[in-house]
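Working notes for the structure below.
The values are calculated or read from the model by the stated rules, or taken from the named source; none is laboratory data. Not measured: the values here are computed from a predicted model. Cβ atoms come from the backbone with ideal geometry, glycine included; neighbour counts cover every protein chain shown. We work out accessible area using only protein heavy atoms, side chains counted, and drop any ligands, DNA or RNA first. Shrake-Rupley method; radii C 1.70, N 1.55, O 1.52, S 1.80 Å.
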Amino acid sequence: LHLTLLGADTAPGFLRSRDLPLTTTSEAIDIVKELSALGVEAMSVVYRGWERGGFSGYGASFPAGAVIGGNRGMERFIRYAQSSGFRVLLDASSYAYNKTGAGGFRRSRDAVRDPSSTVIDAYPVEGTKAALVGPRLAHERIVGDLDTVRQLGADGLLFGETTGMRLDSDYNRRRPTTREQAAALQRDAIGRSKEALGYAAAAGGNLYALNHVDHLEGLSADYSYDLFVSRTVPFAQLALHGLVTYTLEHANLSDDYRRSFLKGIEYGAEPSFLVTRAPAHELLRSRALSSLFSTDYDSWSVEMVVMYQRYNEALGGVRDALMVGHRQLADGVYETAYDNGTRIVVNYNDAAYAGNGLSVPA
């Protein structure tokens, strides 16, 4: 089970923004304890929004936000999760942007610039504008924080937004960087992180990052929107399964939960959820969280365990196997084959499928 916990964000106030706690480190301990008691025996936890300013506090880093428990609370949570045999990663996407000036960042000096020398702004989430941090500075900050991450006891970092995912040429005269140099800097940051902490993951990771990552989050399962392609072929999954683990979209944020569940089985993925201890309506206080419409842990805890168990039943025997085939048996019925001889057939239809010596319920 891949569990993402959203720690905090900020909500607009009358004179200034105020903290919006969503999952404190003490509450995170309770969530992990409950899932373990319900039967989850293998789990990887990503903590997002752990930094000062929370989820959309781009540019801030350590210490961890006081509103969720600070460094001391984070260290206590990590120790507890690890004592239960679970892995804990800290989200590192905040290194990609800066809107706060934290860490001495200055837009005029440190942001990525286009060929006309204009600062490049990005909109990582709705309602949030932030400068894109130069590749060299992002590398320096990631590498500089590794000692702190190690002291907290985290098993690794989850890279995303830029590192391992996006390459930009930087025409900033102070730190000019080509896309090739940016790729080399990102690979070095991920490699150093894995060497220091033992594990590395990437969200939406691209080919140049794959040599250093153990896990990919949010791997696409959609088609390419090509007019001449009649069905989806899981090329990436065929190449990766058995070499790295991966998840698709967070199940509780899917537009079609049942189809998402079946797609994960068909594509050999692992189950993934993003939750908060606070009820989902609390997230409406932050414009940056408007797309996270169903995160209430209490509403999903039982379903998370059920999905984990059903994935285990289907995919437990092929987790380390290579995927060697994928074909369509009938309209809405697909077969995935693995090198240990296992075949898994998924039926998306409202009627049962019978054929090829099989009977698969609706």
(request) Would you work out the relative contact order for the chain, in percent, from Cα pairs under 8 angstrom that are 6 or more residues apart? (result) 14
(message) Pairs of alpha-carbon atoms within less than 8 angstrom and 6+ residues apart define the contacts here; what relative contact order does the stretch 72-190 have, in percent?
(response) 32
(message) Students often get this wrong, so try it: which of [x] 4, 19, 24, 22, 17, 10, 4, 1; [y] 5, 23, 32, 25, 12, 3, 0; [z] 4, 17, 22, 24, 21, 11, 2, 0 is P(r) over Cα pairs in 10 Å bins from 0, in percent as calculated from the structure shown?
(response) [y]
(request) Express in nm, to one decimal, how much length is gained between Arg343 and Ala66 on full extension, taking 0.36 nm for each residue of separation and deducting their alpha carbon distance. (result) 94.8 nm
(request) Lys and Arg at +1, Asp and Glu at -1: add these up for the other residues within a Cβ distance under 15 Å of Val233 and post the number. (result) -1
(message) Before I look further, what does the chain give for accessible area per residue, probe 1.4 Å, in whole square angstrom?
(response) 46
(request) With label points built 7 Å along Cα→Cβ from the Cα atoms of Asn211 and Arg192, find their separation and express it in nm. (result) 1.7
(request) For Ser291 paired with Arg107, estimate the spin-label separation in nm (one decimal), with each label point 7 Å from Cα along the Cα-to-Cβ line. (result) 2.3
(request) Using +1 at the Cβ of each Lys and Arg and -1 at the Cβ of each Asp and Glu in the chain, identify which of Thr118, Pro271, Gly53 lies farthest towards the dipole's positive end. (result) Thr118
(request) Work out the length of the dipole vector of the chain about its Cα centre, built from +1 on the beta-carbon of each Lys and Arg and -1 on the beta-carbon of each Asp and Glu, and round it to the nearest 20 debye. (result) 1320
(request) Please give the net charge around Leu248, taking every other residue with its beta carbon less than 14 angstrom from that of Leu248, where Lys and Arg add +1 and Asp and Glu add -1. (result) -4
(message) How far apart, in nanometres, would the label points at Ser117 and Asn356 be if each is projected 7 angstrom from Cα along the Cα-to-Cβ direction?
(response) 6.2
(message) Computing the accessible area with a 1.4 Å probe over protein heavy atoms, can you report the carbon and sulfur percentage for the chain?
(response) 48
